[in-house]
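What follows is a set of notes on a single structure, which appears directly below.
The values are calculated or read from the model by the stated rules, or taken from the named source; none is laboratory data. Only a predicted model underlies this, so the values are computations on that prediction, with no experimental measurement involved. Every residue, glycine among them, receives a Cβ derived from its backbone with ideal geometry; neighbour counts consider all protein chains shown. Only protein heavy atoms, including side chains, enter the accessible area calculation; ligands, DNA and RNA are left aside. Shrake-Rupley method; radii C 1.70, N 1.55, O 1.52, S 1.80 Å.
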Amino acid sequence: MTKGSHPTGAPWRNFYGRIHGKTLRPTQKDHLENDLGALSPGPVGWDENPEREKLDLGARFGGKPVWLEIGFGGGEHLVHMARSNPQIAIIGAEPYINGVAMLLGKIRDAGVDNIAVHPGDVRDLFDVLPGGSVEKAFLNYPDPWPKARHHRRRFVTQEHLEPLMRVLAPGAEFRVATDIEDYVRQTLEEVPAAGFVRVDHPDDEAWADWPSTRYEQKALREGRRPHYLTFRRP
């Protein structure tokens with residue numbers, strides 16, 4: 001074990017978001033126990049993949065194009081995209097176990113079979129995704145970390161954007177939806193700085209395939225304007 005790493009060899013990565021919330025219902029516990037394992041994209045954790053070997057996405061998804069949702073909340077958008085695009089496979093990464101449990105229930109109800117789930121930090125997933133393997137990525141209503149001293153915790157920093165750029169295929173689209181004006185500011189500064197090109201799209205106009213989520217509905221109720229930002233990997 002090297003200095004500054006876990007016994008597994010994993011680097012020390014500060015994680016600031018919630019992992020657990022309210023007590024899970026029995027049905028949610030059942031979903032986690034019986035459904036989650038089969039939905040793994042492959043060996044992501046450091047305990048099961050200490051050498052950080054890249055995932056064989058072709059074998060896992062039968063050669064389908066792969067999309068990625070970073071922090072899927074309750075899973076509404078993820079399931080909508082999977083159901084609307086059966087020709088693709090989509091991986092969702094979410095460390096909040098209550099959100100994972102909510103997603104699993106939605107997957108059962110929708111009967112979709114083209115979703116994989118990483119119930120943890122997306123940075124661990126970035127480690128093992130092959131370069132250029134993801135054809136579209138989504139960041140919807142991420143944690144705003146509103147205090148100025150916490151802005152470095154936002155996803156739209158180079159710590160996250162650089163590995164995202166690596167795993168995206170040339171020409172891949174990266175969408176960001178947020179209702180926080182300062183998050184828009186930081187996104188428009190940091191994402192192009194990581195090498196992304198902004199796509200000409202009205203930022204107050206939702207994408208044609210966008211399903212309104214509970215986060216968006218809350219923003220509208222509370223008088224905040226949603227922004228829909230589109231970027232592309234050159």
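Close contacts from the stretch 162-175, counting a first residue that is β-branched (Val, Ile, Thr) and a second that is outside any strand (DSSP E or B) and modelled with pLDDT of 95 or more, with Cβ to Cβ under 9 Å and a gap of 6+ residues or different chains, come to Val167/Leu125; Val167/Phe126; Val167/Leu129; Val167/Pro130; Val167/Gly131; Val167/Gly132; Val167/Ser133. Filtering the stretch 128-152 to residues that are open to solvent by 20 Å² or more (accessible area, probe 1.4 Å) and over 11 Å from Gln186 (Cβ atoms) leaves Pro130, Gly131, Gly132, Ser133, Glu135, Lys136, Tyr141, Asp143, Pro146, Lys147, Arg149, His150. Of all the listed residues (Val66, Val122, Val117), the sole one being of a type in the set (A, V, I, L, M, F, W, C), in contact with a Gly (Cβ under 8 Å, 6 or more places away or on another chain) and open to solvent by less than 10 Å² (accessible area, probe 1.4 Å) is Val117.
Taken residue by residue, the stretch 160-180 has no member that is modelled with pLDDT under 95, exposed (fewer than 14 other Cβ atoms within 10 Å of the Cβ) and of a type in the set (Asp, Glu).
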